[in-house]
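I have placed the structure first, in the form of structure tokens, so that the comments after it can refer back to it.
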Amino acid sequence: MLEVEQILVQMLKNVQRICNDITKNLKCLQDQRVEIERDINQTRKMINDHLHKIQDKILKELYANEENESKKITLLLCEIEDIENGISDLQGNQNNIRQHASELQTFLALKHIEKEVSDKEEFIQSVLKNEDMKIKTLALEVNKDMQNICRADCFGFVSVESKSCKVVIDSYKNKEAEMAPIVISKCIDDIVLSNKMEINLKSSGDVRGCAILPNGLMMFCEYYNQMFFGLNSNGTDEFEIRLDTTAFDMAYIEGKHTIAVTSGYTGNRIHIINLNSRRRTRSIKTNAFTYGITLNKNVLVFCKSGKGKMEVPFNMFNGVSEKTLVQLNMPHYSYVAVHGDNMYYTNKENHSVSCFDIHRNLKWEFKDTHNLQYPQGISVDNNGNVYVASRDTHSVVIISPDGKCCRTILSSRDGLRIPRALHFEPTSNKLLVANETKFTFYLMFLKTTIVNF
């Protein structure tokens, strides 16, 4: 019966992975369509701009040629008009000589007139042979490359390429065989973190919340920058989402592939972010500041200051109603975790970690100021071992399931500096630890990585 149940659970996860991959493909097609449409519009604009440019160039050349030739013709016309006026003057002089001059005067004047007539006739002959007397016309020869644009019958070609599906289907029996050697000891003294890898990245710091998904995607809440961002398993940037409030802590809702992000003390809200569309789909309003948050089956459990409650919104996507799980004096910046029927929360005021059962009864409270000071992020592994980020001791402390003993498994010698958040991923047995500034550690029980900001 247990094996069949586990197989069904694994089959459901495989189907969800396939659905997520198909949804991503659908979103990818939409994004590519928008990008190609933008490229087409940019290409069209580039062609239009280029056509306007060469059109202005040819028009300037047209007007320049017309003006140049018009000037030459105007000058020639002025010279012809001067000759015309000179001939008219000679005709007038000849009439006066005929009427009033003696024969000797007429003879002498005619000699002079003949000389002027000969000069003008010679000038007229030279004008006729001049290049400027040729009839000038303007003509346009269209570039063949321009004509080829008009002959083009298509803008380009849109092709559809097929790539192999990257979804990996896990078989429960294979997974069971692979995971057989990976056993987290119930004794905290036997737990060892190994294979630590460090990735140097730039960040303004102030990381307050973190989470690691089963696929290795790491996500962080950068508090004062009001930013929620994700990194791939190799530390490269995946996405970045800006919020209108500070971003404190987060919880991953696997069935809906969404993230719930609390707002801290700048807003009474919980933001719901869809990881497929990389957008905030809605915000849940609360009546007090929200801090640490986690998922318990199908409900969200979070820390709320002011009224000192740990509450859960039911039916978070169809109207929200809040139910008090534990009534207590909860300070600011408290974190919460849930494992089985137990709920855990950190209290920075008295440097403690408390565990309550499903009936709201206090099972145990752990205090050890030598190892644990200003506790922040909290998470629980598959065996109920509790991991806590100890801010002021620059360490990560593991507390036994009964809350009676603890052990420091990471310290400043490992590079921790004001650790704020951590998250244990039960499928892969990975632990992600985030410093508030400068460094972030990504740790696994068999393969351990460090990420530096």
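Looking at segment 24-39, I want the residues that are farther than 16 Å from H257 by Cα and have a partner that is open to solvent by 90 Å² or more (accessible area, probe 1.4 Å) with Cβ atoms under 9 Å, at least 6 apart or on another chain. Which pairs are those?
Filtered contacts from segment 24-39: I36/V158.
Taking I58 as the residue in question, decide whether it is of a type outside the set (G, A, S), surrounded by 10 or more Cβ atoms within 10 Å (Cβ to Cβ) and over 30 Å from E114 (Cβ atoms).
Against the criterion (of a type outside the set (G, A, S), surrounded by 10 or more Cβ atoms within 10 Å (Cβ to Cβ) and over 30 Å from E114 (Cβ atoms)), I58 qualifies.
Kindly indicate which of H351, H394, H359, H370 is crowded, with 17+ Cβ neighbours inside 10 Å and more than 38 Å from the chain's Cα centre (by Cα).
The conditions single out H351.
Going through segment 242-267 one residue at a time, which ones are farther than 21 Å from N232 by Cα and not in a loop (DSSP other than H, G, I, E, B)?
T262, G264
If you scan segment 130-150, which residues turn out to be assigned to a helix (DSSP H, G or I) and within 50 Å of the chain's Cα centre (by Cα)?
Scanning segment 130-150 gives K144, D145, M146, Q147, N148, I149, C150.
Looking at R407, R420 in this structure, which one is in contact with a Lys or Arg (Cβ under 7 Å, 6 or more places away or on another chain), modelled with pLDDT of 90 or more and not hydrophobic (A, V, I, L, M, F, W, C)?
Going through R407, R420 in turn, the sole match is R420.
Out of all the residues in segment 268-296, which are among the small types (G, A, S) and not in a strand (DSSP E or B)?
Correct list: S277, A288.
Since S334 meets every condition but one in (1) under 19 Å from R208 (Cβ atoms); (2) open to solvent by 10 Å² or more (accessible area, probe 1.4 Å), which condition does it not meet?
Tallying (1) under 19 Å from R208 (Cβ atoms); (2) open to solvent by 10 Å² or more (accessible area, probe 1.4 Å), S334 fails exactly one: (2).
Would you check if there is a residue in segment 404-421 being basic (K, R), in contact with a strand residue (DSSP E or B) (Cβ under 7 Å, 6 or more places away or on another chain), within 20 Å of S233 (Cα to Cα) and surrounded by 18 or more Cβ atoms within 10 Å (Cβ to Cβ)?
no
Looking at this structure, is H339 open to solvent by 40 Å² or more (accessible area, probe 1.4 Å) and in contact with a Gly (Cβ under 9 Å, 6 or more places away or on another chain)?
So H339 fits the description; yes.
Just a yes or no: is a residue in segment 379-387 among the small types (G, A, S), surrounded by 20 or more Cβ atoms within 10 Å (Cβ to Cβ), modelled with pLDDT under 95 and within 22 Å of A211 (Cα to Cα)?
No, segment 379-387 contains no residue that is among the small types (G, A, S), surrounded by 20 or more Cβ atoms within 10 Å (Cβ to Cβ), modelled with pLDDT under 95 and within 22 Å of A211 (Cα to Cα).
Check D237, D206 and return the single one that is over 21 Å from S428 (Cα atoms) and without any contact (Cβ under 8 Å) to a residue 12 or more places away in the chain.
D237
In this structure, does I259 turn out to be buried (at least 21 other Cβ atoms within 10 Å of the Cβ), touching a Pro at 6+ places or on another chain (Cβ under 8 Å) and in contact (Cβ under 8 Å) with a residue 40 or more places away in the chain?
no
So that you can scan it fast, the table gives a plain yes or no per residue for (1) touching a Ser or Thr at 6+ places or on another chain (Cβ under 9 Å); (2) modelled with pLDDT under 80:
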| site | (1), (2) |
| --- | --- |
| T137 | no, no |
| I149 | no, yes |
| F155 | yes, yes |
| E161 | no, yes |
| V167 | no, yes |
| D206 | yes, no |
| Y224 | yes, no |
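Within segment 94-135, count every residue that is closer than 24 Å to I80 by Cα, of a type in the set (S, T, N, Q) and open to solvent by 80 Å² or more (accessible area, probe 1.4 Å).
Number satisfying all stated conditions: 1.
Quick check on this structure: which one of I36, I83, I18, I7 is within 30 Å of C154 (Cα to Cα), open to solvent by less than 80 Å² (accessible area, probe 1.4 Å) and at pLDDT below 90?
I36
With respect to D132, is the statement that it is closer than 21 Å to E79 by Cβ and in contact (Cβ under 8 Å) with a residue 60 or more places away in the chain true?
yes
Taking N48, is it touching a residue at least 24 places away in the same chain (Cβ under 8 Å), closer than 30 Å to V142 by Cβ and assigned to a helix (DSSP H, G or I)?
No: the conditions fail for N48.
Select from segment 424-449 the residues that are at pLDDT below 85 and among the basic types (K, R) and write down the one among them that is surrounded by the most Cβ atoms within 10 Å (Cβ to Cβ).
Selected residue: K447.
The values are calculated or read from the model by the stated rules, or taken from the named source; none is laboratory data. What you see is a predicted model, and the numbers here were worked out from it, not measured in a lab. Reconstructed Cβ throughout: ideal geometry from the backbone, glycine too, with neighbour counts over all protein chains shown. Heads up: the accessible areas ignore ligands, DNA and RNA and are worked out on the full protein's heavy atoms, side chains in. Shrake-Rupley method; radii C 1.70, N 1.55, O 1.52, S 1.80 Å.
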